[in-house]
Amino acid sequence: MKANFHKVVIWLFVTTVLAAAGFGFGQDLPDGEGKALLENNCSFCHSMERLQGKNYGKQYWEDVIAEMREKGSPLSEEDVPSLVSYLVKTFGAGPEAEAKAAEARKLIQTNCTGCHGMDRIEEKRLDKAGWERTVKGMIASGAQLSEAEAGTVIEYLANTYPAAP
Ligand code: HEC
Ligand code: HEC
């Protein structure tokens, strides 16, 4: 019993320290419904620092949240949209996201408008898998993009021209 008690004390200590570490970042999170959702559904497996630098749009966060719910996050289905919009608002428009988007726009102008106009792209609405197929198809027909550049372009297109919800 005594040994177990020690384990509990150590466990409490570790979780308290981890929670404190998470909270350091949590304090910087803007208020909103999403903050509580994050604290209750996302912060017990990894610290919220896992979210830092993920300056992506809606599609990325939807994919990540689906993955996290599969891993065991108790976030309910109906809370998904409000957490997604909170994350997009909080992380989606940072300078990194802007730089990435600018890079993607340049790649598209240079590599995607030689055979057809931008309208061919702008009128399309696809999910990430759909954009991946399309861009790979364009590369097969002659678009000149490295694998990394294709990734940047796919991410941008999936965020900018997502499939209708
Ligand atoms: C049951 C445990 C668990 C919960 C709860 C959880 N995660 Fe995760 N999360 C993980 C694991 C494990 C990884 C590492 C996966 C990997 O590296 O492939 C991870 C990785 C991540 C990443 C990094 C993914 C990447 O592409 O690098 C993000 C962002 C993330 N989680 C966000 C969230 C959000 C948002 C929530 C709440 C909806 C959440 N997590 C809840 C276990 C969890
Ligand atoms: C070498 C010429 C070429 C380049 C470069 C090119 N495309 Fe295309 N693209 C085509 C052709 C040809 C079609 C028409 C194919 C068809 O209708 O089946 C097309 C069609 C499309 C469509 C419409 C597909 C559909 O299902 O309606 C999209 C979206 C598209 N391209 C995006 C891109 C993007 C993004 C890039 C840059 C990564 C790109 N294209 C670069 C030749 C090109």
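What follows is calculated from the coordinates using simple rules that are stated; it is not laboratory data. Note that the coordinates shown come from a computational prediction; the quantities given were computed from them, not determined experimentally. Glycine gets a Cβ as well: all are built from the backbone with ideal geometry, and neighbour counts include every protein chain shown.
A few points about this structure:
- Ranking of 63, 31 by neighbouring Cβ atoms within 10 Å, starting from the fewest: 31, 63.
- R0 of 41 Å, Cβ-Cβ distance residue 39-residue 105: FRET efficiency to nearest 0.05: 0.70
- Highest-first arrangement of 134-141, 115-122, 32-39, where packing means the average Cβ count within 10 Å: 32-39, 134-141, 115-122
- Size of region 95-160 as Cα extents on the principal axes (Å, biggest first): 33, 22, 22
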